[in-house]
2 protein chains.
Amino acid sequence: MKRTDERRRATIADVAREAGVSASTASVVFSGKTPVSDATRARVLAAAAALGYTGPDPRAASLRRGRSGIVGVVFEEHLGTAFLDPVKTLMMDGLTEGVAGLGAGLLLLRDDESAETGPSLTTAPIDAAVLIGCSPLMRRSLDTVRARGIPVVVIEGDAGGDIPRIGLDNREAQRHAARHLRALGHEHVVILTLPVNADRPRGFFGADAEVTVDVTRDRLAGARDVYPGAPAYAAAGSFIDEGLAAGRVLLAGPDRPTAIIAQSDLLAAGVIRAAEEQGLRVPDDLSVTGFDGIVVDGLAPYALTTLVQPAADKGRAAGLAVASMLEGASPVSMHFTCAFREGNTSGRAPAAQ
Amino acid sequence: MKRTDERRRATIADVAREAGVSASTASVVFSGKTPVSDATRARVLAAAAALGYTGPDPRAASLRRGRSGIVGVVFEEHLGTAFLDPVKTLMMDGLTEGVAGLGAGLLLLRDDESAETGPSLTTAPIDAAVLIGCSPLMRRSLDTVRARGIPVVVIEGDAGGDIPRIGLDNREAQRHAARHLRALGHEHVVILTLPVNADRPRGFFGADAEVTVDVTRDRLAGARDVYPGAPAYAAAGSFIDEGLAAGRVLLAGPDRPTAIIAQSDLLAAGVIRAAEEQGLRVPDDLSVTGFDGIVVDGLAPYALTTLVQPAADKGRAAGLAVASMLEGASPVSMHFTCAFREGNTSGRAPAAQ
DNA sequence: TTGTAAGCGTTATCAC
DNA sequence: GTGATAACGCTTACAA
């Protein structure tokens, strides 16, 4: 078979030959890295058009350059679940921006040791990786990535070692909200938490329970800084319906709390619905605080008292972090803080029954 | 500088040398494509471990194989916006599964002619592409992809030409819901639509208005098949709050409809909230139908009367479609149908006022 | 401004 | 079961 193969896609060499220039010149016309005379450029472009050449093959270019222009984003959970969380969505948004400077795109990856399906941290052509919510489980993947020598940053999670992380002042922020409630006179408070571990059991848990999810643990600690003895009830996820279910339980007893500290806005929204169901007025009969500061679709006219976290900024920071590491900068962790926002869901504690 | 460069990552050639085998043998140990003696395998693996070699460089492998194992998913909108839509989230879920058989991952791409930032359909190392909600705007991207000769499928959109598409029986399904309302005696019906075009204007629009969004147009046509003269009011997006705002307008006048056909479940949920606000009972005073069949977080105890679309299946089908095209199969379009689901938000039309 | 040469790291093919 | 060879398609010093 000669090189005059009809069914083969044109390569830059073909274009160069057609245009009567060298391959390097043709290459430069497409990359723009070096000045080219207008006449030459025109000839090359014409040749490309004639041959149906649409530009350098990204695979070959990335091998040569040593860069693929792709950043992997690793989730622990089912991808669909990840996008159900507005906070993650916002982070993705920021991340997209953050890596844009790199000219990179985001490859969705799931941390899944079992399934041998799909690309993994080890086999995907990524220049860097961002791990979201890195749990102990993710450690293994992490090791393999580091072994590959590609930059990694972790958002909200304990990566261990010297892996740079994007953190949040979960404990301090939650403490702030708790102090707010205390200042309003609330003494009987319950903490509605995010899942405590991978099994996501619902219900009350004691002080001795092991909380393996960092975010849950830290926010809980913040609330307990102010209300050391407050009962904690775990939800199975950050959803309105979870908050609703929990709210029904928490508000049912005779010894109803006057305030509920929810670890997410969605949970808080559910609690408010539960309160409405029982004919309780928020904030007159019950104060509710959230966490995240997202827009909860359909919650109006309530404006949650909550901690506004810079979710998009976190994502952007992660993107910029990997970008600078790729430039050779040394890894650096960053810490973000939440802003307390008082809405209309918290008020003075009702007089004791 | 000699080849004994310390700071260079080990390659398969290094491993082979260290193990005293040829590069091809070492390669085969990692790919498993050819039987290798246990002894050899052990030696190669040991050499790899000693050298810190973690496996073939994906960039080189993909050049050689002509496959990157990456499928691009192209959105029209801001990525964050896309994931706010539960239907898209579900589709992504299915898509993830669909391409898993390919051993491929999903690269997030945005159809954005302006921004020269980030990878694009033309520069990303993708084996195939899936376009979501392909509008006229997306046509250009489409052309470039096709020129590159990579398989494409379009979900819910008019791709034109012979591009395979994953479709939905929007018109027929919506007609079904309308018939249901008609059977219940409703005569005064308003249609609350999804955005009609890229500008997303809110408000009533006439029969002459140009509706460039396929989904909106088709569902509208289905409703009009039964209620030819029904007024149509456009929302600016598929959100509960949009439905709420629209609901307030639609339910305010003296000449209130007895039923509202919403083109999405989120819009329907918002309409229900608006009805509640005005002290109207659903379905006694007002019937509301949705579209999509998603779980609307926080809508309980209502169960929407709606059209359940197989969103995840659509995604999966798209994934399978590109997979089979990569195997050389010829492109084939697929059509999905919705299932009508009667909930508790539709009932007999109230007696005329 | 253009051309030459030397890989980038892997794997398919085929012979042994 | 193993090895030699030849691409895969491109980019970038460096020389002209």
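The values are calculated or read from the model by the stated rules, or taken from the named source; none is laboratory data. What you are looking at is a predicted structure, and each value in this text was computed from that prediction instead of being measured. Counting neighbours? That spans all protein chains shown, and the Cβs are built from the backbone with ideal geometry, glycine included. The accessibility values were calculated without ligands, DNA or RNA, using every heavy atom of the protein model including side chains. Shrake-Rupley method; radii C 1.70, N 1.55, O 1.52, S 1.80 Å.
Only DSSP H runs of four or more residues enter the estimate; each adds -39500 (n - 2.57), and after division by the residues of chain A the mean residue ellipticity at 222 nm equals -12000 deg cm²/dmol.
When B:ARG8 is represented by a point 7 angstrom out along its Cα-to-C-beta vector, the spacings to that point in the other copies are 2.8 nm, nearest first.
Model label points for A:SER324 and B:ASP285, set 7 angstrom from Cα along the Cα-to-Cβ axis, are 5.8 nm apart.
Where Lys and Arg each count +1 and Asp and Glu each count -1, what net charge lies around A:ILE294 among other residues with Cβ under 11 Å from its Cβ?
Counting the neighbours of A:ILE294, the net charge comes to -3.
Counting, for every residue in A:85-92, the Cβ atoms of other protein chains within 10 Å of its Cβ and taking the mean gives 3.
Across the identical copies, the label point of B:ARG348 (7 Å from Cα in the Cβ direction) is separated from its matches by 5.1 nm, in order from shortest.
Anything over 27 Å Cα to Cα? Flag those among A:LYS88/B:LYS88; B:LYS33/B:LYS88; A:LYS33/A:LYS88, in the order listed. All intermediate terms of the calculation are to be shown ahead of the outcome.
Details: A:LYS88/B:LYS88 15 Å; B:LYS33/B:LYS88 37 Å; A:LYS33/A:LYS88 37 Å.
Listed pairs above 27 Å: B:LYS33/B:LYS88; A:LYS33/A:LYS88.
Going by average Cβ density within 10 Å per residue, which order do the peptides B:181-187, A:164-170 take, highest to lowest? Let's see the in-between values first.
Values: B:181-187: 17.0, A:164-170: 21.6.
Final packing ranking: A:164-170, B:181-187.
The Cα atoms of segment B:287-353 cover 63, 26, 13 Å along the three principal axes, with the biggest extent listed first. Once both labels are positioned 7 Å from their Cα atoms along Cα-to-Cβ, the gap between A:ALA13 and A:ARG348 label points is 8.5 nm. If R0 equals 60 Å, the separation of the Cβ atoms of A:ASP208 and B:THR81 corresponds to a calculated FRET efficiency of about 0.85.
Remark: relative contact order (chain B) = 18 percent; criterion is Cα-Cα distance under 8 angstrom and separation of 6 or more residues.
Compactness of chain B, taken as the C-alpha radius of gyration over 2.2 N^0.38 Å, stands at 1.30.
Using a Gaussian network model of chain B in which every pair of alpha carbons under 10 angstrom is joined by a spring, one finds that among B:ALA274, B:ALA147, B:ALA104 the greatest mean-square fluctuation is at B:ALA147. Among the residues of A:120-128, the average count of other protein chain beta-carbon atoms within 10 Å of the residue beta-carbon is 4. Across the alpha-carbon set of segment A:12-56, the Rg to Rh ratio works out to 0.90, Rh being the Kirkwood radius.
Angle, helix B:139-148 long axis vs. longest principal axis of chain B, Cα atoms, 0 to 90°, nearest 10? Roughly 20 degrees between the two axes. Counting heavy atoms of the protein chains alone, A:TYR302 has an accessible area of about 50 Å² for a 1.4 Å probe. Note on the protein assembly as shown: Kirkwood hydrodynamic radius from all Cα pairs is 28.0 Å, rounded to one decimal. Taking the label point 7 Å along Cα→Cβ, A:ALA300 and its counterparts in the other copies are spaced 2.6 nm apart, in ascending order. Gyration tensor over the Cα atoms of segment A:170-258: the corresponding equivalent ellipsoid has semi-axes (square roots of 5 times the eigenvalues, largest first) of 19, 17, 11 Å.
The contact between chain A and chain B removes approximately 3900 Å² from the accessible area (both sides summed; 1.4 Å probe; ligands, DNA and RNA excluded). Largest accessible area first, the listed residues B:ARG146, B:ARG140 line up as B:ARG140, B:ARG146 when surface is computed with a 1.4 Å probe on the assembled protein chains.
For segment A:297-315, the residues whose amide N sits under 11 Å from a probe point set 7 Å from the Cα of A:GLU276 along the beta carbon direction are A:298-302.
Name all residues of segment B:47-66 having a backbone nitrogen under 17 Å from the label point set 7 Å from the Cα of B:THR122 along its Cα→Cβ direction, giving them as ranges. Once the point is set 7 Å along Cα→Cβ of B:THR122, nothing inside segment B:47-66 turns out to lie under 17 Å by backbone N.
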